[in-house]
Structures are given as C-alpha cells and as structure tokens.
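Readers should treat all values here as calculations from the given coordinates under stated rules, not as data from a laboratory. These numbers come from a predicted model, not from an experiment. Heads up, the Cβs are rebuilt from the backbone with ideal geometry, glycines too, and the neighbour counts pull from every protein chain shown.
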Amino acid sequence: MSRSRNAEPAPPPQSTLRHTHSHPEADADSVCANHSPAVGLAAAEDYCRARDLRLTPARRRALDLLLSSHRAMGAYEVLEGLAADGLGSQPPAAYRALDFLTQNGLVHRIERLNAYVACPHPHHAHSPAFLICRSCGVVEEAASSAARAALANAASSGGFQIESVVIEVVGLCPTCIPTAASEGGPA
C-alpha cells in the first residue's frame with residue numbers, strides 16, 4: 001500500500017511528554033518528584049554506574065535538557081544546549097549523546113517527529129507506544145504489550161520475522177478533543 005506524504009498532517013513543531021499517572025495535589029502539567037530532572041539524572045547515573053557505562057558530560061547534559069524540557073526535542077535543539085555549555089558545536093556531538101541515551105533506554109526516539117523524549121520509566125525494560133496529538137504535539141508514552149503481541153502473532157502466522165516495531169499513534173489528546181469538536185473537525 002502506498003501512501004502520499006500529504007495524507008497525514010504535518011506534526012506540530014513542539015511536543016510535550018505527558019505523565020500517565022495522576023497528581024491529585026497538582027495540575028497535570030506539573031512535575032512530580034519522580035520525574036524531576038535531578039531525580040532523572042541521579043537514576044541515569046546509577047544505571048550507568050551499575051553497568052560500567054560512561055555518562056559523559058555531553059550525554060549527561062543532553063539528558064538534562066530532555067528531562068528539563070518535558071517535551072520532544074530535535075537533535076539540533078539538543079545541540080544548541082550542548083553548544084551553550086561548551087560541550088560541542090557540531091551535529092555529531094548531539095547525535096553521539098542521543099544515540100548512547102537511546103541505546104541504553106534513557107530516552108526514546110519519536111520517529112514521526114524526528115525528535116527525542118526522556119523516558120519517564122528508564123528503570124523498567126519496556127517498548128512503549130507513543131500517542132502523539134496532531135493538534136498540540138503532546139507525546140504520551142503508553143503500554144504496548146498487547147499490540148506487540150498481536151503483531152507478533154500476525155507475523156508468525158504469515159511466516160514473517162519481525163526485526164523492529166515502532167508504534168506511534170497520531171490523534172487528539174483529551175485537551176484538544178473539545179477544541180477540534182467545536183471547530184467542526186474530527187474529534
């Protein structure tokens with residue numbers, strides 16, 4: 001099946017990683033202690049130390065930028081932050097740091113947005129699905145084990161060997177559904 005590039009709307013320029021658990025004492029966009037940059041960096045340092053991996057200053061700063069932004073960021077946005085701190089001004093500096101962080105489960109790459117988000121659960125082995133709001137750009141990490149199992153079964157019955165699965169769902173977040181409905185768009 002071929003698909004034209006115009007079949008899907010262009011993604012919003014900025015995205016946010018939303019928490020999937022509640023904060024009864026605060027609004028949904030506030031940062032809980034478990035997702036603060038300091039806690040995330042400490043967890044990454046512990047993770048790297050336990051596996052004898054080097055969390056270099058550039059890698060640490062790239063992770064800090066993603067944890068602090070609470071949104072998906074492109075490699076060039078990360079590069080701007082690294083350059084501002086004297087940690088590299090050429091694209092390979094950002095890509096090397098992001099590759100390390102991605103390979104070690106500390107960040108996720110959002111293929112559709114060509115961007116990266118800090119993983120809110122780096123201490124748990126998982127392969128999440130990403131829910132991307134086509135209106136505001138929010139990115140929410142969601143469990144995907146049932147979808148992955150269904151894909152594995154379908155592939156197996158067809159004799160297909162899966163090598164890679166990326167699940168990114170585009171739609172409307174709860175905040176944008178009422179706006180889309182009031183503007184006459186699909187909700």
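Tabulated values for the structure
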{"quantity": "Rg [Å, one decimal], Dmax [Å, integer] - the stretch 13-182, C-alpha atoms", "calculated": "17.1, 54"}
{"quantity": "Ile167 long-range amide H proximity, modeled H, under 5 Å", "calculated": "Phe130"}
{"quantity": "Calculated from backbone phi, Karplus (6.51, -1.76, 1.60) coupling profile of the stretch 119-134 in Hz, x at Gly/Pro", "calculated": "7, x, 9, x, 7, 10, 5, 7, 10, x, 9, 10, 9, 10, 6, 6"}
{"quantity": "Amide proton proximity set for Ile110, modelled H, under 5 Å, gap of 5+", "calculated": "Ala115, Tyr116, Val117"}
{"quantity": "Amide hydrogen neighbours beyond the local backbone of Cys173, cut-off 5 Å, H modeled", "calculated": "Arg134, Ser135, Cys136"}
{"quantity": "Proxy reagent accessibility, fewest Cβ within 10 Å first, across Phe100, Phe160", "calculated": "Phe160, Phe100"}
{"quantity": "Integer Hz, Karplus 6.51/-1.76/1.60 couplings in order for the stretch 53-68, x for Gly and Pro", "calculated": "9, 9, 8, 5, x, 5, 5, 4, 5, 4, 5, 4, 4, 5, 5, 6"}
{"quantity": "Calculated SAXS-style log₁₀ I(q)/I(0) at q = 0.19, 0.26 Å⁻¹ - the stretch 106-187, Debye, Cα scatterers", "calculated": "-0.91, -1.20"}
{"quantity": "The stretch 13-182: relative contact order as a whole-number percent, Cα under 8 Å and 6+ apart", "calculated": "23"}
{"quantity": "Euclidean distance between Cα centres, the stretch 34-68 to the stretch 120-177, Å", "calculated": "24"}
